[in-house]
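The values are calculated or read from the model by the stated rules, or taken from the named source; none is laboratory data. Just so it is clear, the structure is predicted and the values come from calculations on it, not from any experiment. Using ideal geometry, Cβ is built from the backbone for each residue, glycine included, and neighbour counts are taken over all protein chains shown.
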Amino acid sequence: GEDVEQSLFLSVREGDSSVINCTYTDSSSTYLYWYKQEPGAGLQLLTYIFSNMDMKQDQRLTVLLNKKDKHLSLRIADTQTGDSAIYFCARGGGGNKLTFGTGTQLKVEL
Amino acid sequence: GAVVSQHPSRVICKSGTSVKIECRSLDFQATTMFWYRQFPKQSLMLMATSNEGSKATYEQGVEKDKFLINHASLTLSTLTVTSAHPEDSSFYICSARAQGVPMNTEAFFGQGTRLTVV
């Protein structure tokens, strides 16, 4: 399977919380990241977490890391229509390389 | 925050021609730039790592003679798709990391180039 995997699609109602999940196989990464990509655009870094942390909160975003299960999640509180985008998790590797997940398309409905 | 500018944002070319895509770091020096390719509804695939003043390092399966990378200065890397074919049509994205920064800092991404080969 892929090194970094995500579910392809998530649909939520405006105001609800969104939880995007990511699993990975290589546990050697020091940092794990979440990026947002809007249609036809590049990637915007949302947040990152150091591998020795379990949780990181940044305003509406909460990242949870379970190293034992190699599972990373991104929770977006009070999801808005402007949050509709593709979300990629990524792990950092040697040579400053990033390995990206398959991406999760988040659709926010009114 | 730092800005990476990619040009052009869209290009249509004929089969057999070459296309050059530029990636510029506007307000920081980038010793390393990365070139990615993204197929529709898929993840980003790293094509190569571009190092200023030296040859690029290509990922397995990426033809270096087809995808020419030049990183002539600390603010500019170019990707040239040579003898383009319709299967080269894709979304190409560059990213740059500022000189000497650790991995917990942001890798800044260009806005991408949509290449269509007809």
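Restricting attention to the range A:46-80 and to residues that are in contact with an Asp or Glu (Cβ under 7 Å, 6 or more places away or on another chain) and assigned to a loop (DSSP other than H, G, I, E, B), the residue that is farthest from A:Tyr24 (Cα to Cα) turns out to be A:Gln80.
For the range A:4-25, the criterion of being farther than 23 Å from B:Lys41 by Cβ, in contact (Cβ under 8 Å) with a residue 60 or more places away in the chain and of a type in the set (Phe, Trp, Tyr) is met by no residue. Taking the range B:12-71 and the strands (runs of 3 or more DSSP E) fully enclosed by it, no element has 1 or more residues that are surrounded by 13 or more Cβ atoms within 10 Å (Cβ to Cβ), over 15 Å from the mean Cα position of the chain (by Cα) and within 13 Å of another protein chain (Cβ to nearest Cβ). When the range A:81-100 is limited to residues that are at the interface with another protein chain (Cβ under 7 Å from one of its Cβ atoms) and modelled with pLDDT under 90, the one that is surrounded by the fewest Cβ atoms within 10 Å (Cβ to Cβ) turns out to be A:Gly95.
Taking the criterion of being among the hydroxyl-bearing types (Ser, Thr, Tyr) and either closer than 16 Å to A:Leu10 by Cα or within 13 Å of chain B (Cβ to nearest Cβ) (or both), the residues of the range A:61-80 that qualify are A:Ser73, A:Thr79.
Of everything listed in (1) surrounded by 17 or more Cβ atoms within 10 Å (Cβ to Cβ); (2) over 10 Å from the mean Cα position of the chain (by Cα); (3) of a type in the set (Ser, Thr, Tyr), the single unmet condition for A:Thr104 is (2). Restricting B:Thr80, B:Thr116 to those that are more than 14 Å from chain A (Cβ to nearest Cβ) and either in a strand (DSSP E or B) or touching an Asp or Glu at 6+ places or on another chain (Cβ under 6 Å) (or both) reduces the list to B:Thr80. Somewhere in the range B:81-92, is a residue modelled with pLDDT of 95 or more and of a type in the set (A, V, I, L, M)? There is at least one residue in the range B:81-92 that is modelled with pLDDT of 95 or more and of a type in the set (A, V, I, L, M). Hey, can you tell me all the residues within the range A:53-69 that are surrounded by fewer than 17 Cβ atoms within 10 Å (Cβ to Cβ) and either over 27 Å from B:Ala96 (Cβ atoms) or in contact with a Gly (Cβ under 7 Å, 6 or more places away or on another chain) (or both)? Hits for the range A:53-69 are A:Asp54, A:Met55, A:Gln57, A:Arg60, A:Asn66, A:Lys67, A:Lys68, A:Asp69. When A:Gly15, A:Gly1 are checked against the criterion of being at pLDDT 95 or above and not in a strand (DSSP E or B), A:Gly15 stands alone in meeting it.
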